[in-house]
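No value in this document is a laboratory result; all are computed from the given coordinates. These numbers were taken from a predicted model, which means no experiment stands behind them. Heads up, the Cβs are rebuilt from the backbone with ideal geometry, glycines too, and the neighbour counts pull from every protein chain shown.
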């Protein structure tokens, strides 16, 4: 049976219907539809590809035959129009000039026949200018990609896919291999052939909205030393998003830690071995811009768990004399001695 969850109506779940038929009996299997349906679609396209190539070649042949037939019809029409124009010319020449009424009608018929000849000649020239067929068999190497793009096109409805599937497939038998954690799909094609597919069954918590491993690794590295607010800001700076494509907040980081069992940062239990940039600036009595400057000049060692993550500074490194001298040194203006300078607007 197919069940459509309320939270994800577009991702149905296939499950055993035994509890509904026999109360008290457990379900023997349950698996999601996303991977199974994708595997069946790939197998269907693979099976249809030879027929599609054959149909495309037949369509190409019929197109060439149709072009040749149209050209031949236009040639026959031109031949008939020339004959009628010649006949109209002879009738006009044989007419008595004194019979002006009949002569005018025959002249008008001759002009009409000549116009038909000119129209047929123009149509034949346009048909002759059409590109000539390329020698040899046409190339249909990219037809498989076209089939896949057509199958996944937004304009193709679920009903159309189902009709194509039912036209080629008798039934599909599903089973679950619990030891290998695979869904076994046996496809019975119309005509007696069958094929078997094995689709890996995702583990618990492994789904399309799962947080990326990179974001999870950064959270694990920063959780013991940084608060959830700092972790969320760092993940956003690095361009990482949640499993649903949203930006990070402290609550979302807290929820991620709770699900994966990651210990949080607790300020009272902080050992003081590692400091933030602001804490290091407060320890030395300078601004955090001065700390950033000595880190950029590689005078003070600092670590980052990932690019664009906050700096982590070891407290013992702040007692280094080179670091103390560097942060104490301040830039001086370029003009401090005014004794030997001349004024541009001197009165002498």
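Of the peptides 171-178, 313-320, the ranking by mean beta-carbon count within 10 Å, highest at the top, reads 313-320, 171-178.
Subtracting the Cα-Cα distance of residue 324 and residue 48 from their residue separation scaled by 0.36 nm leaves 91.9 nm.
Each peptide in 248-257, 30-39 receives the mean, over its residues, of other Cβ atoms within 10 Å, and ordering these scores from highest gives 248-257, 30-39.
Here the range 43-128 is described by how far its Cα atoms reach on the three principal axes: 84, 16, 15 Å, from widest to narrowest. Short-range pairs are left out: with C-alpha atoms under 8 Å and at least six residues apart, the relative contact order of the range 272-330 is 40 percent.
Spacing of the modelled spin labels on residue 162 and residue 292, each 7 Å from Cα toward Cβ, amounts to 5.9 nm. For the range 43-128, relative contact order (Cα pairs under 8 Å, six or more residues apart, normalised by length) works out to 35 percent. Sorted fewest first by neighbouring Cβ atoms within 10 angstrom, 63, 188, 230 come out as 63, 188, 230. Annotation: extensible slack from residue 188 through residue 118 equals 19.1 nm (criterion: 0.36 nm per residue apart, minus Cα-Cα distance).
Hey, what did the range 209-270 get for relative contact order, percent, Cα under 8 Å, at least 6 apart? It comes to 42 percent, rounded to a whole number. Listed by Cβ neighbour count within 10 Å, with the fewest neighbours leading, 28, 95 appear as 28, 95. In plain terms, the chain from residue 149 to residue 60 could stretch by 30.0 nm, reckoned as 0.36 nm per residue minus the Cα-Cα distance. Work out the FRET efficiency for residue 3 and residue 196 from their Cβ-Cβ distance, taking R0 = 25 Å, and round it to the nearest 0.05. My answer for the efficiency is 0.50.
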